[in-house]
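The block underneath contains the structure these notes are about, expressed in structure tokens.
The values are calculated or read from the model by the stated rules, or taken from the named source; none is laboratory data. Note that the structure is predicted; figures quoted are calculated from it, not measured. Heads up, the Cβs are rebuilt from the backbone with ideal geometry, glycines too, and the neighbour counts pull from every protein chain shown. Keep in mind that these areas ignore ligands, DNA and RNA; they rest on the heavy atoms of the full protein, side chains included. Shrake-Rupley method; radii C 1.70, N 1.55, O 1.52, S 1.80 Å.
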Amino acid sequence: MIIGKVVGSLFSTRKNEKLVGNKFMIVETEKDMFPGQKRLVAIDNIGAGIGEYVMVAQGSAARIGCDMPDAPIDAAIVGIIDEGQDWSK
Amino acid sequence: MIIGKVVGSLFSTRKNEKLVGNKFMIVETEKDMFPGQKRLVAIDNIGAGIGEYVMVAQGSAARIGCDMPDAPIDAAIVGIIDEGQDWSK
Amino acid sequence: MIIGKVVGSLFSTRKNEKLVGNKFMIVETEKDMFPGQKRLVAIDNIGAGIGEYVMVAQGSAARIGCDMPDAPIDAAIVGIIDEGQDWSK
Amino acid sequence: MIIGKVVGSLFSTRKNEKLVGNKFMIVETEKDMFPGQKRLVAIDNIGAGIGEYVMVAQGSAARIGCDMPDAPIDAAIVGIIDEGQDWSK
Amino acid sequence: MIIGKVVGSLFSTRKNEKLVGNKFMIVETEKDMFPGQKRLVAIDNIGAGIGEYVMVAQGSAARIGCDMPDAPIDAAIVGIIDEGQDWSK
């Protein structure tokens with residue numbers, strides 16, 4: 001999983017019907033996580049708020065692990081990181 | 001998922017037979033999404049037009065989520081982003 | 001999928017037995033497709049020739065979409081791009 | 001698999017329920033493994049300690065290989081590398 | 001698949017039990033294959049020797065294609081490249 005910060009949300013009215021009801025969050029991955037800055041869109045079904053640091057699972061883990069095995073989802077927020085931790089040490 | 005802009009379409013007459021009937025769109029990923037510019041080819045079955053910003057799902061999510069589990073598809077447009085949003089803030 | 005140019009073929013006599021009978025092509029991905037130049041080896045069962053531009057599917061889509069779900073294949077040529085198109089505009 | 005060094009652990013109280021009971025470790029991939037430095041979060045069920053060098057499996061191999069096929073896990077520590085080996089030669 | 005050179009092997013005594021009996025090889029990917037140098041660990045069940053050039057399959061293809069669908073394996077040597085070929089032309 002990678003660590004990122006929730007920086008926004010995204011609305012998409014015209015979409016694949018299996019995505020209806022999902023919240024799409026924009027996550028900015030932490031610098032240590034990639035050679036460059038990167039943003040991605042992840043679904044959120046654990047209630048992450050803007051500004052929170054989260055773990056994002058990518059690939060088939062996102063849809064299968066979030067009980068939507070047939071949905072076109074390749075990234076999901078799967079945990080909110082407890083405050084006060086430093087993952088760059 | 002990543003965010004990109006539909007910049008063109010692509011025609012392929014000689015192709016895997018399971019791809020017949022699909023529309024292939026060229027999507028340019030937004031700069032924030034990758035350390036560098038990048039283009040990819042995604043199938044589109046929600047009717048995205050050139051110039052629209054879209055969410056693209058990659059990997060097994062593309063074929064399974066678009067009801068073509070046996071097709072050689074690794075990227076699909078799964079949502080058109082509503083206008084007036086800013087994902088680079 | 002990504003776009004690349006077929007630049008050569010590759011022979012491998014000692015290989016996983018499920019790969020027997022496949023043609024291995026060297027594909028050079030187009031510059032727009034990645035932040036840097038890249039080559040990869042893809043199987044070809046649609047008859048792409050050297051110099052042709054092709055679509056390559058990666059990941060599980062390659063083996064499942066090409067009817068070799070049990071073979072160790074992670075990239076396949078799935079379409080030959082019709083001439084006269086410009087995917088860098 | 002890639003080689004990395006365990007540099008820390010991570011706590012996440014609010015998380016996907018299928019992740020409950022797992023240990024999350026921060027792994028710093030070795031420089032030879034990527035064009036740039038990179039960190040990722042991997043589950044650990046073999047008891048790797050901070051400072052140890054480990055093999056990390058990514059993708060569907062992580063959840064399926066660790067007997068959690070339905071969990072949103074995309075990276076797992078799958079082996080601790082014996083001391084005294086040099087993988088940069 | 002990508003092309004790489006076998007540059008070493010790796011021992012891991014404490015590992016996931018499904019990995020027992022496998023040989024772990026360090027493969028250095030060829031420069032043309034990535035924007036930067038990269039090494040990875042791949043299992044080998046076709047008998048590649050140090051110094052040989054090989055094809056490596058990544059992702060689910062590695063474990064499924066090598067008849068270990070339940071093992072935490074994400075990279076496997078699947079073919080030894082015949083001598084005298086040039087994949088950088």
**Request:** For residue D:83, state whether it is more than 7 Å from chain E (Cβ to nearest Cβ), more than 12 Å from the chain's Cα centre (by Cα) and closer than 15 Å to residue D:7 by Cβ.
**Result:** no
**Asked** Can you tell me which residues in region C:35-70 are over 20 Å from residue E:89 (Cα atoms), β-branched (Val, Ile, Thr) and touching a strand residue (DSSP E or B) at 6+ places or on another chain (Cβ under 9 Å)?
**Response** C:46
**Item:** Enumeration of residues in region E:23-50 that are facing chain D (nearest Cβ under 10 Å) and either hydrophobic (A, V, I, L, M, F, W, C) or touching a His at 6+ places or on another chain (Cβ under 8 Å) (or both)
**Value:** E:24, E:26, E:34, E:40, E:41, E:42, E:43
**Message:** Of the conditions (1) closer than 17 Å to residue A:5 by Cα; (2) touching an Asp or Glu at 6+ places or on another chain (Cβ under 8 Å), residue A:27 satisfies every one except a single condition; which number is it?
**Reply:** (2)
**Request:** Report yes if some residue within region E:55-67 is hydrophobic (A, V, I, L, M, F, W, C), open to solvent by less than 10 Å² (accessible area, probe 1.4 Å) and in contact with a helix residue (DSSP H, G or I) (Cβ under 7 Å, 6 or more places away or on another chain); otherwise report no.
**Result:** yes
**Fill in**
Every listed condition ((1) more than 17 Å from residue D:59 (Cα to Cα); (2) of a type in the set (A, V, I, L, M, F, W, C); (3) facing another protein chain (nearest Cβ under 7 Å); (4) without any contact (Cβ under 8 Å) to a residue 60 or more places away in the chain) holds for residue A:20 save (3)
**Complete:** Going through (1) in contact with a Lys or Arg (Cβ under 8 Å, 6 or more places away or on another chain); (2) surrounded by fewer than 24 Cβ atoms within 10 Å (Cβ to Cβ); (3) facing chain E (nearest Cβ under 7 Å) one by one, residue C:74 fails only at (2)
**Request:** State all residues of region C:10-53 that are surrounded by fewer than 16 Cβ atoms within 10 Å (Cβ to Cβ) and within 12 Å of the chain's Cα centre (by Cα); if no residue qualifies, say none.
**Result:** C:23, C:45, C:47, C:49, C:50
